[in-house]
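**Q** Please see the structure below; I have some questions.
The values are calculated or read from the model by the stated rules, or taken from the named source; none is laboratory data. Keep in mind the model is a prediction, meaning the values are calculated, not measured. Glycine also receives a Cβ, built like all others from the backbone with ideal geometry; neighbour counts cover every protein chain displayed. Surface accessibility is based on the protein's heavy atoms, side chains included, excluding ligands, DNA and RNA. Shrake-Rupley method; radii C 1.70, N 1.55, O 1.52, S 1.80 Å.
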Amino acid sequence: MLKIAYSPIYQHPLPEGHRFPMLKYELIPEQLLYEGTCNKDNFFTPEPVDEQWILKTHTKAYWEDLKYLRLEPKMIRKIGFPLSEQLILRETIITQGTIDCCHFALENGISMNVAGGTHHAYSDKGEGFCLLNDVAVAANYLLENHLATKVLVIDLDVHQGNGTAEIFQNNSAVFTFSMHGKENYPLHKEQSDLDIELKTYTKDEEYLNILFETLPKLIKEQKPDFLFYISGVDILETDKLGKLSVSKEGCFRRDEFVFEQAIKNKLSIVVSMGGGYSPKIIDIVEAHCNTFRLAQKMFF
């Protein structure tokens, strides 16, 4: 069975007019249930993560500044969310959701988190709507518990996974692959193990050809035994922050190819949703739901 991490706390209240589409976290499960792609048994509600796992990835000073709401105003502005106890609780639950997904993926081949993909969180700071790096925490959890020996992070969000790159810059057990817009946030990019920068307005054919050529070779060379996939839908031509021109069908084919590679190579995969900022919430929700539909169809 496809197991999906979700909690009502994912949809966090934000000031009116805030540009982050928090509503998607409520609408994605509703749509999947409504159309019959999933039933209630597919969803599980994570608990807050134990801080020992946070501290395997994030510095003690940063975590305590988060936990006790002591972040500097400058960093709060960089993160982009008003700081609160509920926000921090939300982040710990999302992070545990991705850890829990690892166990389900090892059992079933795949598991998914309705949120997560918070790849702009560094070891010692947050930015870009990211406070804790759920994928990095979960990858370190796997390695620490000898559940994996080589992890491949496939980051196809339109923005570079700068925080993930920084966290694993000296860790050969985790290979970070980020395919992102060259002229997009973040202005200063870190060095992933493999960065592919895309020109503004890149369309389906070019985008998919690069992915089709790169990912199989990467899996063959690196020989990972576990995959994390950040499936941001901010690559869409409708996205107001993305600067690419990928269609909904192109986004669908991207997800399909990543899943094909996982199945072909018998690799467990955990999917975190990443970003999406199309003006119409239906475009975001539909593209994200396609990822879940494909997982259900291809793995079960």
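**Q** Considering only residues of the stretch 41-55 that are part of a helix (DSSP H, G or I) and hydrophobic (A, V, I, L, M, F, W, C), which is surrounded by the fewest Cβ atoms within 10 Å (Cβ to Cβ)? If you could, list the steps in order and put the result at the bottom.
**A** Let us first name the residues in the stretch 41-55 that are part of a helix (DSSP H, G or I), namely 41-42, 51-54.
From the residues that got through so far, the ones that are hydrophobic (A, V, I, L, M, F, W, C) too are 53-54.
Numbers: Trp53: 20, Ile54: 24.
Taking the candidates together, the pick is Trp53.
**Q** Condition check: surrounded by 19 or more Cβ atoms within 10 Å (Cβ to Cβ), in contact with a helix residue (DSSP H, G or I) (Cβ under 9 Å, 6 or more places away or on another chain) and either at pLDDT 95 or above or assigned to a helix (DSSP H, G or I) (or both). Does Pro224 satisfy that?
**A** Values: surrounded by 19 or more Cβ atoms within 10 Å (Cβ to Cβ): yes; in contact with a helix residue (DSSP H, G or I) (Cβ under 9 Å, 6 or more places away or on another chain): yes; either at pLDDT 95 or above or assigned to a helix (DSSP H, G or I) (or both): yes.
So Pro224 fits the description; yes.
Residue by residue, here is whether (1) open to solvent by less than 50 Å² (accessible area, probe 1.4 Å); (2) under 21 Å from Lys24 (Cα atoms) holds:
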| residue | (1), (2) |
| --- | --- |
| Asn209 | no, no |
| Glu213 | no, no |
| Phe228 | yes, no |
| Asp255 | yes, yes |
| Phe259 | yes, no |
| Val270 | yes, yes |
| Val285 | yes, yes |
| Ala295 | yes, yes |
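**Q** While we're here: Six or more apart or on different chains, Cβ under 6 Å: which pairs go from a residue in the stretch 82-98 that's closer than 17 Å to Ala139 by Cβ to one that's acidic (Asp, Glu) and not in a helix (DSSP H, G or I)? Could you list them?
**A** Gln96/Glu47
**Q** Being farther than 11 Å from Tyr10 by Cα and either touching a Ser or Thr at 6+ places or on another chain (Cβ under 9 Å) or small (Gly, Ala, Ser) (or both) is the filter here; which residues of the stretch 68-94 pass it?
**A** Leu69, Gly80, Ser84 - these are the residues of the stretch 68-94 that are farther than 11 Å from Tyr10 by Cα and either touching a Ser or Thr at 6+ places or on another chain (Cβ under 9 Å) or small (Gly, Ala, Ser) (or both).
**Q** Taking the conditions exactly as written (within 18 Å of the chain's Cα centre (by Cα) and open to solvent by less than 70 Å² (accessible area, probe 1.4 Å)), does Thr92 satisfy them or not?
**A** Numbers: within 18 Å of the chain's Cα centre (by Cα): yes; open to solvent by less than 70 Å² (accessible area, probe 1.4 Å): yes.
Spelling it out, Thr92 is indeed within 18 Å of the chain's Cα centre (by Cα) and open to solvent by less than 70 Å² (accessible area, probe 1.4 Å).
**Q** If you go through the stretch 1-40, how many residues are open to solvent by 20 Å² or more (accessible area, probe 1.4 Å), in contact with a strand residue (DSSP E or B) (Cβ under 9 Å, 6 or more places away or on another chain), of a type outside the set (Lys, Arg) and in contact (Cβ under 8 Å) with a residue 24 or more places away in the chain?
**A** So the count comes out to 1.
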